[in-house]
Amino acid sequence: MKVLYIYCHPLPESFHAAIRVEALAGLAEARHEVDLCDLYAEGFNPVMSEEERRRYHDTSRNQIGIETYVARLRGAEALVVQFPAWCFGPPAMLKGFLDKVLAPGVSFDMSDPSKVRPLLGNLKLVAGIVTYGRDRLRAIAMGDPPRKLVMRYLPRSAPVKARARYHALYHMNVASEARRKGFIADVRDAMARLR
């Protein structure tokens, strides 16, 4: 399966970097074809400029400057997004990526605004790997936007709703080393079983 792995964390020595190593190992073990998209390492600019916003609905021009990201997304059969939840949401870098790349003519057709249609026909599976500084109950009280992004929003970018998987480590700031290592092992196993 062709997997677009969107990774969003600025620190190469972070806990997320350790998760990524094992997640990619699991995907390799399952013989998936992985396209790693490290938003920070690639220098993705998440800020939507005035000009980009003006041409956002113009499908003949809204992909200017993001053509390679659009091609990578369109070619993916599975999408894995890995990020920390900051302020109970995705980092601005990831939010900006989604705002710019999941555009009209790319992930949805708005030619009839009353009947928006999803366009990512290759997409069969979406998986999220997310860490939270706070506990699950606080995340639920805030509506848990990262979970909704992965489990509800992204899968609906496919004409036939993609399957969704969610792997979360809540309250990681107080998680024991054993719990963190267990999470990493669980993620690797889940990626190795991704179908």
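The values are calculated or read from the model by the stated rules, or taken from the named source; none is laboratory data. Worth saying up front: this structure is predicted, and the values here are computed from it rather than measured. Here the Cβ is made from the backbone with ideal geometry for all residues, glycine too, and neighbour counts use every protein chain on show. These area figures cover heavy atoms from the full protein model, side chains too; ligands, DNA and RNA do not enter into them. Shrake-Rupley method; radii C 1.70, N 1.55, O 1.52, S 1.80 Å.
Annotations
- Probe 1.4 Å, all protein chains present, accessible-area order of 100, 2, largest first: 2, 100
- For segment 49-104 and segment 144-195, distance of Cα centres in Å: 20 Å
- Calculated accessible area for the chain comes out at 51 Å² per residue, all protein chains present (probe 1.4 Å; ligands, DNA, RNA ignored).
- Rounded to the nearest 500, the helix-only mean residue ellipticity at 222 nm of the chain stands at -9500 deg cm²/dmol, with each DSSP H run of n ≥ 4 adding -39,500 (n - 2.57).
- Projecting the Cα atoms of 45, 122, 93 onto the charge dipole of the chain (Cβ charges, centred on the Cα centre) puts 122 farthest toward the positive pole.
- Residues with amide H under 5 Å from that of residue 169, placed H, sequence gap 5 or more: 130, 131, 132
- Heavy atoms of residue 95 accessible to a 1.4 Å probe, total area in Å² rounded to 10: 100 Å²
- Near the amide H of residue 126, within less than 5 Å, lie the amide hydrogens of 79, 163, 164, 165, all on another chain or at least 5 residues away, with H placed in the peptide plane.
- Remark: segment 59-108 carries a charge dipole of roughly 80 debye about the Cα centre, counting +1 on each Lys and Arg Cβ and -1 on each Asp and Glu Cβ.
- Overall, the accessible surface of segment 88-162 at a probe of 1.4 angstrom is composed of carbon and sulfur to the extent of 58 percent.
- Segment 88-163: mean projected area of Cα convex hull, nm²: 5.8 nm²
- Amide H contacts of residue 37 (H built 1.01 Å from N, in plane; Pro and chain starts excluded): 5, 6, 7 sit under 5 Å, all sequence-distant by 5 or more or on other chains.
- Cα gyration tensor shape for segment 4-103, rounded if a/c is under 1.5, else prolate or oblate: oblate
- Linear extension gain, residue 173 paired with residue 18, 0.36 nm per residue minus alpha-carbon span: 54.2 nm
- Out-of-range pairs (alpha-carbon distance over 23 Å; input 95/161; 2/161; 2/115): 2/115
- Between residue 92 and residue 41, the FRET efficiency estimated from the beta carbon spacing at R0 = 22 angstrom works out to 0.85.
- Spin-label model, residue 29/residue 68: points 7 Å from Cα along the beta carbon direction are separated by 3.1 nm.
- Angle in degrees between helix 177-192 and the longest Cα principal axis of the chain, rounded to the nearest 10: 50 degrees
- HN-Hα J in Hz across segment 58-71 - Karplus 6.51, -1.76, 1.60, θ = phi - 60°, x for Gly and Pro: 8, 5, 7, 9, 6, 9, 4, x, 10, 3, 5, 5, 5, 4
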